[in-house]
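The values are calculated or read from the model by the stated rules, or taken from the named source; none is laboratory data. On a predicted model such as this, the values are computed, not experimentally measured, just so you know. Here the Cβ positions follow ideal geometry from the backbone for every residue, glycine too, while neighbour counts run over all protein chains shown. Quick note on the areas: whole protein, heavy atoms, side chains included, nothing else; ligands and nucleic acids left out. Shrake-Rupley method; radii C 1.70, N 1.55, O 1.52, S 1.80 Å.
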Amino acid sequence: MHQVGIVGCGVIGSRLAAAFDEHERTAIRAVCDSVAEKAAAMASTHDCEAVTAVSDLVAIDAIDLVYVGVPPKHHAAVVRAALEADKHVICEKPIAEDAAVGRELTALARESDRTTAINFPFRYAPGFVEMRERIAAGEIGAPKRVALRFRFPRWPREWQDVDWLAGREQGGPLREVGSHFVFGTQELFGGIGDVSADVRYTAPGKYEESIVGTFRVGGDVAGAAVADAAVADADVAGAEIADAGVAGAEVAGAGDFADGAIGLDEPVHGTIDLLCDCAGGEENAITVEGTEGSLSLQAWRRLVAEPGQADERVLTEEPGETTLALIEEFVTALEGGDGDLVSFAEATRVQAVVDEVLGVDGI
């Protein structure tokens, strides 16, 4: 039985805790939150110890796995503490507030003999997996365009009662939601590069109100941000990387991105369209158009063929049990198997693209 310590007792931490309880090979040993009442409430729910300091949690010898569910700018401190205490780590996305910190964590993970992973659920989501399989099988012909679209009538959303999500330093809809779809794009086709975006913010220091941008993905696309991030993990790339400016396709060797990434003869053009504080309902979608058809994953789980056309049809709305799947893959890796996990390096490549869209220094 793998003993788990949970750092961060908010909405996402509670979701992971429920999955750890459900899995037959994991048990929650302790939870940690800087707000003692939140830690005590989760501890009562899961019949475990409550602490308010990360140092106290990682000092518990029985714990061998730490889940990091705190705001992004605190990920690095908790991950470092856990790895230094020889704990395995599952970290919430995004890996950090920016790719520079992500590269530091990627290096720490590479140097450690501990198992590490980032929680990007699309790796296990039925709708996304089916989308990738159908595109790989040629059902839409040659991919020609990828479109990422987001609408948030209110940000943060009503159920997100944390101030940091409204700030530019570590919050905003692109980091919180858009990163999933950047990850999905890289899962489908590999490296993203040639990013250009016009971003408008709601106020100084606050979240982005509008993003209109373009990028290219796959093929021989040159992506300095992707390449620079890849330098942090030559082990994942499978080779020594001499120049951070090398084309993304050359940096991303076999195994650098998802095993299921679809090879392209030439890059596919992509667009990103994000709007907050607007009329209508919330939207999120990744749509791939090809020479013979199109597929769109909408609202996280709804896979639609030929969206907007007369023959539009829903292929699946199955949510799956992505959190439980992550834990199962992690346990498989802990027990010597071939667990399918999103690496710190992959997550840093996602963050590098987000940084480039937002114009973050030091990508």
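Numbers for the structure displayed
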read-out: Given charges at beta-carbon only (K, R positive; D, E negative), |dipole| of the chain in Debye; value: 760
read-out: Accessible heavy-atom area order of Thr214, Thr106, Thr322, highest first, probe of 1.4 Å; value: Thr214, Thr322, Thr106
read-out: Ser343, Ser196, reordered so the largest accessible area comes first (probe 1.4 Å); value: Ser196, Ser343
read-out: Average Cα contact separation per residue, the range 1-126, under 8 Å, 6 or more apart, as relative contact order %; value: 21
read-out: Heavy-atom accessible area order for His88, His269, largest first, 1.4 Å probe; value: His269, His88
read-out: Signed unit charges on C-beta, dipole axis of the chain, positive-most listed residue Met1, Val66, Thr287; value: Thr287
read-out: With all protein chains modelled, accessible area of Lys144 [1.4 Å, Å²]; value: 110
read-out: Cα Rg, Dmax, the range 1-94, angstrom units; value: 11.5, 32
read-out: Karplus-derived 3J(HN,Hα), 6.51/-1.76/1.60, for each residue of the range 161-168, Hz, glycine and proline x; value: 8, 10, 5, 5, 5, 8, x, 6
read-out: Estimated vicinal HN-Hα couplings, Hz - the range 304-310 in sequence order (Karplus 6.51, -1.76, 1.60; Gly, Pro = x); value: 10, 9, 6, x, x, 9, 4
read-out: Within the chain, longest stretch clear of exposed GluC sites (Glu not before Pro) (DSSP loop, no more than 16 other Cβ within 10 Å); value: 25-138
read-out: Under-5 Å amide H pairs with Val66, H placed in peptide plane, nonlocal only; value: Gly5, His88, Val89, Ile90
read-out: Net charge over other residues, Cβ less than 10 angstrom from the Cβ of Ile140 (K, R count +1; D, E count -1); value: -2
read-out: Apportionment of accessible area to carbon and sulfur, the chain, percent (1.4 Å); value: 45
read-out: Probe 1.4 Å, protein heavy atoms only - accessible area per residue of the chain in square angstrom; value: 41
read-out: Percent antiparallel among DSSP beta bridges (both partners in the chain, rounded to 5); value: 55
read-out: The chain - mean residue ellipticity at 222 nm from DSSP helices (-39,500 (n - 2.57) per run, n ≥ 4, rounded to 500); value: -9500 deg cm²/dmol
read-out: Surrounding net charge for Ala40, when Lys and Arg each add one and Asp and Glu each subtract one, Cβ distance under 11 Å; value: -2
read-out: Efficiency of FRET between Glu321 and Glu133 - r from beta-carbon atoms, R0 25 angstrom, step 0.05; value: 0.85
read-out: FRET efficiency, 1/(1 + (r/R0)^6) with R0 30 Å, evaluated for Asp161 and Ala62 via beta carbons; value: 0.40
read-out: Distance between the range 104-155 and the range 175-203 - C-alpha centres, whole angstrom; value: 11
read-out: Nearest-10 value in Å² for the accessible area of Trp159, using the 1.4 Å probe; value: 140
read-out: The range 146-182: trypsin sites (Lys or Arg not before Pro) in DSSP loop, at most 15 other beta carbons within 10 Å; value: Arg154, Arg157
